[in-house]
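See structure below.
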């Protein structure tokens with residue numbers, strides 16, 4: 001067999017490995033009910049429940065923010081985020097949380113908010129906050 | 001109904017719109033003329049088609065400049081009847097940010113791209129000689145497509161492109177005021193620019209990046225022209241020079257963006273693997289790969305197809321990147337993508353046209369391509385350069401597969417979410433590729449083209465490799481990288497090896513083989529850049545992790561518990577944080593910024609202050625009470641200390657600093673007052689410390705109240721000792737005037753106190769001091785996060801070194817170009 005053919009096979013193998021690794025580490029969009037079933041991290045889409053209690057008191061704990069979110073199926077859960085309350089949180093129209101269920105609470109490591117843009121009325125703006133600084 | 005609107009300045013918009021249509025028409029004319037100049041006038045020295053093509057291109061360039069001038073005129077004069085001016089700028093915006101307002105919107109971005117492409121086209125007209133006709137056909141085609149993006153004209157009921165001269169009342173925003181002729185009287189100011197974009201880096205980063213994107217057209221055009229004109233071998237040489245230029249500028253533009261993010265955004269780092277960031281490096285990876293195989297082909301005749309393919313795909317990826325960031329498809333996976341301006345399909349067509357063109361020329365000329373049948377030597381430079389280029393391509397392939405998850409979802413109707421910990425996923429896989437690639441940039445230096453002496457190669461490679469391992473072990477132990485995933489240690493080893501091996505080449509270059517200096521310097525820069533990125537990102541330390549004053553919340557699992565990165569500090573209450581003692585000193589406003597002064601002090605064992613500095617992270621309040629926080633960073637040679645404010649009291653800005661001038665309400669900010677009857681010299685205790693009544697001042701004065709002979713004003717000199725050992729003096733005043741009793745309270749804001757001299761008891765010669773104390777949480781505070789980034793300067797300096805390397809290489813290739 002020619003060397004280029006061998007190398008070609010290696011390249012194909014690496015490409016397949018890449019696709020498999022992406023597929024296996026890709027996550028899913030789920031509801032709270034589905035999140036309850038697994039212990040792995042996943043994304044839950046919903047919107048925050050306006051009338052419900054929202055806790056952030058920096059003088060007590062600068063790293064504790066809790067609120068209630070309704071997922072797309074209408075199920076409501078308490079969400080806990082280890083970090084500060086994101087700016088303009090109340091104005092958000094949609095939230096995408098990344099995290100997992102712990103008991104009946106959802107512990108989010110990342111919150112992605114879609115807010116009506118302050119700068120252009122007809123557009124939506126997306127902001128993301130993470131509990132942890134990105135690390136490798 | 002035809003309303004005549006008052007106060008509108010329609011002329012600049014009409015001229016601008018005219019220039020847009022002109023630029024489109026001229027580009028189309030140029031494209032068609034150059035096409036016929038290439039086909040019909042082939043071989044003719046004097047071609048009227050070519051003259052027409054040039055004319056079209058010149059007119060196109062002038063029209064683009066005209067368009068830009070009109071747009072800037074609109075922005076500069078604050079004509080808010082234009083959507084672009086209204087949406088992205090405001091009256092208070094300084095002129096230099098009006099420049100960045102120019103490319104704040106998508107239309108401006110396209111304009112910038114078209115502008116640079118026009119500049120490059122004009123250079124090609126002068127320099128390309130025999131290549132001008134076919135190359136300019138391709139460039140003009142790209143100009144035509146870019147012009148359609150800003151056309152903003154309805155054709156067959158479908159809007160083509162989005163014009164920057166769109167009027168606000170036509171922009172689709174519904175408001176009753178637009179039915180009034182004088183609606184402009186109600187629009188006093190624009191929406192203003194997003195605070196995070198008001199940064200000097202935003203003035204130069206987009207033009208650099210777009211010049212990078214635009215310059216990829218040149219090698220692409222040469223490749224298409226080469227295949228079209230059957231000049232299969234000749235196009236490679238000029239393409240190398242332009243590919244070098246493109247890689248250099250695009251790389252610089254990307255890193256500038258990263259520097260902007262690091263200096264003024266608050267995600268706490270210099271790279272976040274955001275889809276838009278990834279998109280900007282797709283074409284960089286492929287053009288750098290292309291560059292290497294082009295050189296391989298030039299020197300050995302191998303890898304022709306790979307080289308051509310990579311050049312062609314790079315430009316297709318430029319369009320794909322534009323599509324990703326501008327079509328709105330990234331939706332919820334990116335924080336800084338644009339929303340759809342209704343150009344989704346137009347962008348898709350853009351990609352497809354260039355993809356189809358690339359496939360077409362390859363298939364059309366497939367049988368004639370100079371592809372070698374024989375295998376490369378295993379121990380030859382060309383073989384391993386080829387391998388390296390393929391791995392760069394694979395690394396790009398991985399980025400595309402993950403970044404395009406929303407695209408796959410749209411195409412196949414699936415609902416896959418990006419990896420939950422995307423950053424880790426990218427880091428691990430890309431580090432593996434980086435390991436292979438850096439290793440190759442190292443040992444390939446010891447190989448020669450065609451054939452190499454094997455024994456000697458193994459000895460030199462081995463010696464340098466062992467040396468690199470030793471250095472790596474030292475570096476990973478000193479910096480703490482060894483604690484990370486093993487793959488990052490491998491990447492470190494590869495990068496160190498690359499720096500050392502190329503260092504040897506550079507040393508040789510100084511001894512005469514100066515030709516090789518460019519590549520060696522660029523490789524060293526790249527290696528240092530990677531070394532810096534591993535250490536800075538991998539061992540960055542959260543400094544603000546001290547838990548004092550933090551109430552532990554029950555039910556928190558250990559994993560989430562590690563993430564407490566924010567720290568709340570009260571004004572003037574020092575907190576120990578890592579090596580530093582940190583004090584929040586206060587805030588000040590310099591519109592539109594709100595600065596928070598944070599004092600850092602390093603104290604050695606004997607209590608001596610070794611180092612002291614003040615950082616001023618700022619928060620920018622925008623009109624709608626939103627907040628954008630920007631960090632302030634203390635730069636050391638080997639370390640950066642990065643600080644930004646993550647939360648402020650919800651009472652917002654008013655509460656900070658000047659607490660309550662309103663006397664009536666003021667007492668609400670304090671706990672129940674406590675009255676103390678004391679004699680001179682007595683001590684009063686309060687929660688955070690104590691105070692001593694030093695003396696009484698019978699000549700006390702009160703500002704703005706002149707005293708007459710009958711009035712009595714007595715001040716009580718009180719020395720307050722705060723918690724941190726600080727001493728403050730206050731003099732509350734007791735006054736009898738015209739038979740009435742007044743008293744003037746004094747505040748010690750830093751200690752959270754208000755003191756009243758409320759009564760004099762002449763019988764026992766005692767006085768009454770009433771102490772108002774602020775409850776803890778009423779005292780001004782901030783929540784901040786501090787991160788230390790070790791050795792980040794390797795990352796920046798690596799970039800600069802890489803650019804120098806590219807410059808040297810361009811110089812060398814241009815010399816070769818002249819001699820051929």
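General remarks:
- Ascending count of other beta-carbon atoms within 10 Å, so fewest first, for B:531, A:22: A:22, B:531
- Computed from the C-beta positions of residue B:450 and residue B:349 and an R0 of 56 Å, the FRET efficiency is 0.80 to the nearest 0.05.
- Alpha carbon convex hull of the stretch B:1-193, projected area averaged over orientations, nm²: 12.3
- Restricting the calculation to Cα atoms, the stretch A:1-57 shows an Rg/Rh of 1.39 when the hydrodynamic-style radius is the Kirkwood one.
- Principal axis dimensions, largest first and in whole angstrom, of the stretch B:205-418 by Cα: 51, 35, 31
- Two-decimal Rg to Rh for the stretch B:666-778 - Kirkwood Rh, Cα set: 0.97
- DSSP beta bridges confined to the protein assembly as shown are antiparallel in about 95 percent of cases.
- Taken over the alpha carbons of the stretch B:252-341 as equal point scatterers, the Debye sum produces base-10 log I(q)/I(0) values at 0.10, 0.11, 0.14 Å⁻¹ of -0.35, -0.41, -0.61.
- Angle in degrees between helix B:454-479 and the longest Cα principal axis of chain B, rounded to the nearest 10: 10
- Calculation over all alpha carbon pairs of the stretch B:722-778 in 5 angstrom steps from 0 returns a P(r) of 4, 16, 23, 21, 15, 11, 6, 3, 0 percent.
- Short-range pairs are left out: with C-alpha atoms under 8 Å and at least six residues apart, the relative contact order of the stretch B:666-778 is 27 percent.
- Modelled label positions at residue B:122 and residue B:187, each set 7 Å beyond Cα in the direction of Cβ, lie 3.3 nm from each other.
- Helix axis angle, B:11-39 relative to chain B longest principal axis, alpha carbon, degrees: 30
- Scattering profile of the stretch B:156-221 at q = 0.22, 0.23, 0.25, 0.29 Å⁻¹ [log10 I(q)/I(0), Debye over alpha-carbon scatterers]: -1.04, -1.05, -1.10, -1.20
- Remark: B:395, A:104 ranked as A:104, B:395, counting other beta-carbon atoms within 10 Å and listing the fewest first.
- Label zone at residue B:65, where the point sits 7 Å out along the Cα-to-Cβ direction: the stretch B:88-127 residues whose backbone N lies under 15 Å: B:115-123
- Contact order for the stretch B:233-371, expressed relative to its length and based on alpha carbon pairs under 8 Å spaced 6+ residues apart, stands at 21 percent.
- For the pair the stretch B:365-408 and the stretch B:586-609, the centres of their Cα atoms are 53 angstrom apart.
- Calculated SAXS-style log₁₀ I(q)/I(0) at q = 0.17, 0.18, 0.19 Å⁻¹ - the stretch A:1-103, Debye, Cα scatterers: -0.83, -0.89, -0.96
- Remark: relative contact order (chain B) = 10 percent; criterion is Cα-Cα distance under 8 angstrom and separation of 6 or more residues.
- Sites residue B:231 and residue B:416, calculated FRET efficiency, Cβ-Cβ separation with R0 35 Å, nearest 0.05: 0.20
- Note on residue B:41 and residue A:28: their simple-model spin labels are 6.4 nm apart, each label 7 Å out from Cα toward Cβ.
- Rounded to the nearest 500, the 222 nm mean residue ellipticity of chain B from helices alone is -16500 deg cm²/dmol, with -39,500 (n - 2.57) taken per DSSP H run of at least 4 residues.
- Degrees separating the helix B:217-228 axis from the principal Cα axis of chain B, which is the longest one: 20
- Pair-distance profile P(r), taking every C-alpha pair of the stretch B:280-323, with 10 angstrom steps and integer %: 34, 45, 17, 3
- Label-point separation, residue A:90 to residue B:814 (7 Å along Cα→Cβ), nm: 6.0
- Measuring r between the beta carbons of residue B:407 and residue B:58 and using R0 = 41 Å, the FRET efficiency lands at 0.60.
- The Cα center of the stretch A:51-113 and the Cα center of the stretch B:787-820 differ in position by 46 Å.
- For the protein assembly as shown, Kirkwood radius (reciprocal of mean inverse C-alpha pair distance, Å): 31.8
- Here, P(r) means the percent of Cα pairs in each 10 Å bin from 0 to the largest distance; for chain B it is 2, 11, 17, 19, 17, 13, 9, 6, 4, 2, 1, 0.
Every number here is computed from the coordinates shown, using simple stated rules; none is lab data. Keep in mind that what you see is a predicted model, and the values were worked out from it rather than measured. Every residue, glycine as well, gets a Cβ built from its backbone with ideal geometry; the counts of neighbours run over all protein chains shown.
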